[in-house]
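Beneath this line is the structure, given in structure tokens, with notes to follow.
FYI, it's all coordinate maths here, none of it is from the lab. What you see is a predicted model; the values in this text were computed from it and never measured. Reconstructed Cβ throughout: ideal geometry from the backbone, glycine too, with neighbour counts over all protein chains shown.
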Amino acid sequence: MDVVPHQDAVLIRASAGTGKTFQLSTRLLQLLVTGQSVDRILATTFTRKAAGEILDRVLDRLAAAIENPKKLTELNGSLIDVQLTQADCQSLLKKLTAQLHRLRISTLDSFFSQLARAYAYELKLPGGWQLMDPQRENSIRQQAIQALLDQHDRRQLRTILNLLGKGEYSAGILREIERTVENGASLAGITDPKAWENPTVPQGVGDSHLEMAIHSLQPNDEFKISLNKALTKLQTQIIGSDWESIASSTLIQATNSPEPTFSRAKIPESVVDALLVVRKQAVHIALS
């Protein structure tokens, strides 16, 4: 660990587990013993646990120095240009514990939220806002997902689950939904809100391209029976304009893979190309 003092500042360069908390508690003690007012000190860190450890270390070191001369010597050895007595440590501990409510040792999130609350009007923040706790965020996300799913009828819900599960129902679908929502929230945070008001719908394919694709999806004696059955069903869905079922079908979902397969057999390239055309049209109609 390198501790580099620079006038009134101290730069500590250290990796995990090398004693940063000890150095931070020493820095805090140094400020206190040299007469710095408790309410003029700010100590911030990344986690609540680390913030608590800094305060615990300060109190423990003062208490130990009062009771143990060896600990007093160690404490004095870590301070600069100061030699404390046990009486000094007792007086400082008494002063500190009486003003704990004025000592700011917190996480960075907590400190910035305090600033934001103090200047809520200037920052145009709504009344009663609060920083989202990770556990509360997860709970609210799940409630939002449940509310969203409750708005769909069973047919639409099956389509959504098919799309997310790539044609298969499994326990992992719930996690896939949560991941999709998380990714969407992250994307929404870095994009212009207006972009979500009028999302761009992918262009569909022309009639001629669609007709050619349909022609390429005719059953063939060279194909496996299972693939021919799926192609026949797909043809029926196209004729009936059942684009939701088409988009969620196992055959269309197979095109998500770099090497599409159906019933454990590779799908011919000509069929894959035609399926991609149908898929593009299905997505266009579904989002229109």
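Brief remarks on what is shown
- In summary, the aspartates and glutamates within cross-link reach of LYS266, defined as a Cα separation below 16 angstrom excluding same-chain residues under 8 places away, comprise ASP221, GLU222.
- A simple rule links phi to the HN-Hα coupling: the Karplus curve 6.51 cos²θ - 1.76 cosθ + 1.60 with θ = phi - 60°, which for region 238-254 gives 5, 4, x, 6, 8, 6, 5, 5, 5, 4, 9, 5, 4, 5, 5, 5, 4 Hz, with x for Gly and Pro.
- Rel. contact order, % - alpha carbon contacts under 8 angstrom, at least six apart, the chain: 13 percent
- Likely footprinting exposure, SER270, SER245, fewest C-beta neighbours within 10 Å first: SER270, SER245
- What the Kirkwood sum gives for region 208-247 is a hydrodynamic radius of 10.6 Å, with every pair of different alpha carbons counted.
- Put simply, the convex hull of the Cα atoms in region 47-105 casts, on average, a shadow of 4.4 nm².
- Rounded to the nearest 20, the Cβ-based charge dipole of region 1-104 about its Cα centre (Lys and Arg +1, Asp and Glu -1) stands at 320 debye.
- Ranked SER208, SER249, SER78, criterion: other C-beta atoms within 10 Å, fewest first: SER208, SER78, SER249
- With at most 16 other Cβ atoms within 10 Å, longest stretch of the chain clear of loop GluC sites (Glu not before Pro) (DSSP): 1-121
- Over the chain: helical MRE at 222 nm, DSSP H runs n ≥ 4 each giving -39500 (n - 2.57), nearest 500: -18500 deg cm²/dmol
- DSSP loop chymotrypsin sites (Phe, Trp or Tyr not before Pro) with at most 12 other Cβ within 10 Å excluded, longest remaining stretch of the chain: 170-288
- Taking one quarter of the surface of the C-alpha convex hull of the chain gives a mean projected area of 24.7 nm².
- Neighbourhood charge, 15 Å Cβ-Cβ cut-off, centred on PRO134 and excluding it, Lys, Arg +1 and Asp, Glu -1: -1
- Nearest 10 degrees, 0 to 90: helix 134-150 Cα axis against the chain principal axis: 20 degrees
- Estimated Rh, region 1-138: Kirkwood, alpha-carbon pairs, angstrom: 16.9 Å
- With 30 Å as the limit on Cα-Cα distance, the pairs of LYS95/LYS124; LYS70/LYS94; LYS124/LYS194; LYS20/LYS124; LYS229/LYS280 that go past it are LYS95/LYS124; LYS20/LYS124.
- At q = 0.11, 0.12, 0.23 Å⁻¹ the log10 of I(q)/I(0) for region 226-288 amounts to -0.22, -0.26, -0.95, computed by Debye summation with a single uniform scatterer per C-alpha, solvent ignored.
- Built amide H within the under 5 Å cut-off of ILE41, gap 5+: ARG104
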